[in-house]
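Read through the structure below, which is laid out as structure tokens, and then see the notes.
What follows draws every value from the coordinates through simple rules; no lab data is involved. None of these values were measured; they are calculated from a predicted model. Every residue, glycine among them, receives a Cβ derived from its backbone with ideal geometry; neighbour counts consider all protein chains shown.
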Amino acid sequence: MAKVLVVVDMQNDFLTGALKNDEGVKVIPYIKEKLAHVHHEDTIVCFTRDTHFGDYLDTEEGRNLPVPHCIYGTEGWQITEELNPVKDGALPLGTYIFDKVTFGSQQLASFLSENAGRIEEVELVGVCTDICVISNALLAKAALPNVPIYVDAAGCAGVTPESHETALKAMEMCHIHVRE
């Protein structure tokens, strides 16, 4: 059986770029330490990467959040260097990156569902607790209804500290366990 650690959207545009989040920057060392202690024999590491294109402002999200960000191939789209899993042009065995065009990753949900028989728990960290973390946690819960889903609150940051706390409470109501 394997554990899954999901690192949500730790990309330059969400940390220091177009949608800068100082709270997100503060959790980088915590997530880095968590990744340093992952045992790849029993933990699958999945990164989500918000991915938009040149037509972003014409999308539903772009009309509601008219700030171009995480445009494919740009520096802002890249996972922050401190956490970037790609080393020497390759991903370590047991590590995956799922690009997504909206808050939740359908690819991640499919991956979890396809591997349901070997997953004992899923844990999420990243940004933003109140948008993409909650969306991916709910998709994980839908994909794996009988597997415990955890969110590590210390490894997440919301748009604001208040919205972070509100999202954690909402996830608890949906039987997603919050680790403090």
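Structure summary
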{"item": "Single match in Ala90, Ala170, Ala157 (criterion: within 22 Å of Glu33 (Cα to Cα), among the hydrophobic types (A, V, I, L, M, F, W, C) and surrounded by fewer than 19 Cβ atoms within 10 Å (Cβ to Cβ))", "result": "Ala90"}
{"item": "Residues (of a type in the set (S, T, N, Q), surrounded by 13 or more Cβ atoms within 10 Å (Cβ to Cβ) and assigned to a helix (DSSP H, G or I)) located in the stretch 54-72", "result": "none"}
{"item": "Residue tally, condition in a loop (DSSP other than H, G, I, E, B) and not charged (D, E, K, R), over the stretch 4-46", "result": "10"}
{"item": "Verdict on Pro161 being in contact (Cβ under 8 Å) with a residue 60 or more places away in the chain and under 26 Å from Ala18 (Cβ atoms)", "result": "yes"}
{"item": "Residues within the stretch 119-134 that are among the acidic types (Asp, Glu) and either assigned to a helix (DSSP H, G or I) or crowded, with 23+ Cβ neighbours inside 10 Å (or both), tallied", "result": "1"}
{"item": "Given (1) out of contact with any helix residue (DSSP H, G or I) (no Cβ under 9 Å at 6 or more places or on another chain); (2) among the hydrophobic types (A, V, I, L, M, F, W, C); (3) farther than 22 Å from Glu123 by Cα, index of the condition Leu57 fails", "result": "(1)"}
